Amino acid sequence: MYRVAVCDDNDADAGYTAKRIEIWAASHDAAVEIELFPSAEAFLFRYAEERAFDMLFLDIEMQAMSGMELAAKIRESNHYVQIVFITGYMEYIAEGYDVEALHYLLKPVTDDKLGAVLDRAAQRIGDRDSALYLQTTDGSVRIQVGEIRYFEVRRNYVTIYGAEVYTAKMTLAALEKSLDRRFFRTGRSFIVNLTFVRKITRTQVTLKDGTQVPLSRGLYDDMNRAMIRYF
């Protein structure tokens with residue numbers, strides 16, 4: 001079951017998007033629950049009661065609060081919901097990087113383009129729900145993979161930096177085998193989660209929380225390609 005919100009102050013456009021989502025769900029044998037909101041404020045009122053939305057389709061230009069402003073507010077506490085902007089204007093695309101938007105769709109939306117975006121969103125949601133079960137120095141723990149910002153290895157111990165910090169006795173090579181395409185090994189001692197990357201230079205990777213991780217010489221192009229493939 002995917003919980004989907006469509007926020008658009010044009011009723012016809014909102015209904016059209018919802019119908020396209022239902023068509024995609026039927027073709028993928030997936031269940032969707034879609035709620036329509038005529039404004040950013042209406043969505044926030046509902047969101048205060050129930051935050052379990054998987055996907056959020058936002059018009060950008062709305063009356064009081066814009067879709068971009070709404071996305072920024074949501075991202076203050078939620079980095080998991082997949083945000084897709086539906087707009088008639090190209091000039092907003094660069095701003096979407098700041099709110100980790102999955103994609104931009106230009107109106108009128110076609111089934112093919114919306115379907116491709118929904119496929120990506122479903123893949124991200126599947127990635128989000130995956131977990132690692134590790135024997136750490138604090139005992140056996142289950143760690144949500146999507147919360148992990150990076151790993152660091154020292155000898156035969158790996159430190160996992162996520163919502164909390166854990167240390168497990170294992171090699172980085174063994175850990176790599178259990179990770180998905182979100183993760184990139186930046187050198188001998190580090191693996192980073194691409195969803196938390198803010199900036200890449202030829203010598204280091206800066207994460208969104210300001211953490212700086214060294215990037216080995218020769219991996220700059222490979223990491224940029226990994227970012228492009230994932231996003």
For the range 196-218, give me each residue that is of a type in the set (A, V, I, L, M, F, W, C) and either farther than 19 Å from D180 by Cβ or assigned to a helix (DSSP H, G or I) (or both). F196, I200, L215
The one condition S77 fails out of (1) exposed (fewer than 14 other Cβ atoms within 10 Å of the Cβ); (2) within 12 Å of V4 (Cα to Cα) is (2)
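Which one is modelled with the lowest pLDDT among residues in the range 205-219 that are at negative phi and under 22 Å from the mean Cα position of the chain (by Cα)? Spell out the reasoning first.
So the first thing to find is which residues in the range 205-219 are at negative phi, and the list is 205-209, 211-217, 219.
Remaining after also requiring under 22 Å from the mean Cα position of the chain (by Cα): 205-209, 211-213.
Values: V205: 96, T206: 95, L207: 94, K208: 87, D209: 90, T211: 96, Q212: 96, V213: 97.
Per the stated criteria, the residue is K208.
Answer yes if at least one residue in the range 134-155 is open to solvent by 80 Å² or more (accessible area, probe 1.4 Å) and acidic (D, E), and no otherwise.
Step one: filter the range 134-155 for residues open to solvent by 80 Å² or more (accessible area, probe 1.4 Å), giving 135, 137-138, 140, 142, 154-155.
Subsequent filtering for residues that are acidic (D, E) retains 138.
Looking for residues that are open to solvent by 80 Å² or more (accessible area, probe 1.4 Å) and acidic (D, E), one finds at least one in the range 134-155, hence yes.
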Checking F85 against (1) open to solvent by 30 Å² or more (accessible area, probe 1.4 Å); (2) touching a strand residue (DSSP E or B) at 6+ places or on another chain (Cβ under 9 Å); (3) of a type outside the set (V, I, T); (4) not in a helix (DSSP H, G or I), which single condition isn't satisfied? (1)
Pick from the range 98-133 the residues that are outside any helix (DSSP H, G or I) and of a type in the set (D, E): which of them is farthest from V145 (Cα to Cα)? E100
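Results for (1) closer than 24 Å to A72 by Cα; (2) at pLDDT 95 or above; (3) open to solvent by 60 Å² or more (accessible area, probe 1.4 Å); (4) not charged (D, E, K, R), shown as yes or no for each residue.
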| position | (1), (2), (3), (4) |
| --- | --- |
| M1 | no, no, yes, yes |
| V6 | yes, yes, no, yes |
| D9 | yes, no, no, no |
| A18 | yes, yes, no, yes |
| H28 | no, no, yes, yes |
| E35 | yes, yes, no, no |
| Y47 | yes, no, no, yes |
| F53 | yes, no, no, yes |
| F57 | yes, yes, no, yes |
In the range 1-41, anything more than 19 Å from D59 (Cα to Cα) and aromatic (F, W, Y) is listed as Y2, W24
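For the range 179-199, how many residues are touching a helix residue (DSSP H, G or I) at 6+ places or on another chain (Cβ under 9 Å) and either among the hydroxyl-bearing types (S, T, Y) or open to solvent by less than 40 Å² (accessible area, probe 1.4 Å) (or both)?
Taking the range 179-199 as the starting set, the residues that turn out to be touching a helix residue (DSSP H, G or I) at 6+ places or on another chain (Cβ under 9 Å) are 179-186, 188-195, 197.
Add one more test, that the residue is either among the hydroxyl-bearing types (S, T, Y) or open to solvent by less than 40 Å² (accessible area, probe 1.4 Å) (or both), and what stays is 179, 182-184, 186, 189-195, 197.
The qualifying residues number 13.
The values are calculated or read from the model by the stated rules, or taken from the named source; none is laboratory data. Every value quoted in this text rests on a predicted model; they were computed, and no experiment measured them. Cβ sites come from the backbone with ideal geometry, for glycine too, and all protein chains shown count toward neighbours. Each accessible area value is taken on the protein alone, full model and side chains, heavy atoms only, with ligands, DNA and RNA left out. Shrake-Rupley method; radii C 1.70, N 1.55, O 1.52, S 1.80 Å.
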